[in-house]
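Trainee: Pasting in a structure now, in structure tokens, and then I'll have a few things to ask.
We did not get these values from a lab; they are worked out from the coordinates using the rules stated. As the structure is a computational prediction, the values presented were derived from the model and not from experiment. All Cβ positions, glycine included, derive from the backbone under ideal geometry; neighbour counts span all protein chains shown.
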Amino acid sequence: MSAGGDPRALIRGLKQTLRELAAEGLDTLPRPPALPIDASPAPTAPLDRAPETGATAPIAAPVAAPVAAPEAAPVATTSAPGIETLEAIRTDLGDCRRCGLCETRKQLVFGEGSPQASVVFVGEGPGADEDRTGRPFVGRAGQLLDKMIEAVGWRREDVYICNVVKCRPPGNRNPEQQEISTCRPFLDRQLRAIAPRAIVTLGKPAAATLLGRSIAITRERGTWREWEGVPLMPTFHPAYLLRSYTRENRQAVWDDLRAVRARIDGS
Ligand code: URA
């Protein structure tokens with residue numbers, strides 16, 4: 001990636017460099033990094049399945065399957081001087097009792113994936129499977145999200161996945177505004193810590209939260225927006241796709257994710 005005069009790209013590159021140096025054990029810098037280090041390129045092979053024009057959605061709904069997941073959510077960690085880590089944010093959340101969702105949740109679902117992810121997927125809130133396992137998007141919607149991620153040529157472990165609220169709303173109801181406002185600072189901090197090149201919001205609540213306004217998802221999906229200068233792509237929630245599994249909806253999500261991939265690859 002060339003910073004190309006874009007200060008945000010330069011900052012992202014510098015942060016990446018600092019993380020890598022810190023991961024190698026450096027706690028002081030001998031001299032400023034010469035160039036921002038590019039995130040590793042995503043594999044191209046899975047994209048070859050779809051031609052560039054007129055590509056049709058290769059996303060198939062998952063068949064219901066038992067969720068095999070470790071009990072504890074892995075917390076992605078990085079450390080670099082002056083940069084908040086995901087681990088520090090998780091520690092700050094602790095056994096969160098800042099809103100009423102703590103009364104009914106089994107466990108908090110912080111998020112998982114690469115701290116250096118180029119793309120972050122933001123959902124609404126954990127469901128029953130996520131509440132049980134402590135991991136985001138591991139139920140049926142999560143299995144479809146995995147297929148979406150793979151179809152576009154990424155791997156789940158290379159992206160980052162989290163939610164607007166970290167605890168399951170009882171009965172899978174929508175999170176309330178006060179719950180969202182309470183949890184929001186932690187989402188913002190996660191996004192700042194990762195500094196992705198793009199954010200994909202899944203469904204209306206995630207887009208509305210990060211954009212700070214109500215949105216009509218059917219009208220605004222597929223349209224680039226911004227969160228703190230980071231390109232943000234609103235798309236449909238995989239749970240909506242499962243409920244309304246039409247060719248048109250699958251194509252829409254496929255188009256949205258291909259646009260994200262193209263933007264990341266071109267930046
Ligand atoms: N739906 C979400 O919005 N998030 C999850 O983690 C799972 C389902």
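Trainee: Suppose R0 equals 22 Å. What FRET efficiency, 1/(1 + (r/R0)^6) with r the Cβ-Cβ distance, do E226 and C102 give to the nearest 0.05?
Mentor: With R0 = 22 Å, the Cβ-Cβ based efficiency is 0.10.
Trainee: Stretch R155-S214 to full length: gain in nm at 0.36 nm per residue minus the Cα-Cα span?
Mentor: Separation in residues times 0.36 nm, less the Cα-Cα distance, equals 18.1 nm.
Trainee: Let me ask something else. Work out the length of the dipole vector of the range 144-267 about its Cα centre, built from +1 on the beta-carbon of each Lys and Arg and -1 on the beta-carbon of each Asp and Glu, and round it to the nearest 20 debye.
Mentor: It comes to approximately 180 debye.
Trainee: Here's a follow-up. Please give, to one decimal in nm, the separation of the simple spin-label points placed at E87 and S244, each 7 Å out from Cα toward the Cβ.
Mentor: Distance between the two pseudo-spin positions: 4.3 nm.
Trainee: So how do T56, T246 line up by other beta-carbon neighbours within 10 Å, fewest first?
Mentor: By the 10 Å Cβ count, ascending, the order reads T246, T56.
Trainee: Any idea how far apart D265 and A128 come out in nm if each label point goes 7 Å out from Cα toward Cβ?
Mentor: Placing both labels 7 Å along Cα→Cβ, they lie 4.0 nm apart.
Trainee: Could you size up the charge dipole of the range 82-152 around its Cα centre, putting +1 on the beta carbon of Lys and Arg and -1 on that of Asp and Glu, and report it in debye to the nearest 20?
Mentor: 180
Trainee: Where the centroid of each part is defined by its Cα atoms, how far is the range 131-169 from the range 198-267 in Å?
Mentor: Answer, in whole Å: 15.
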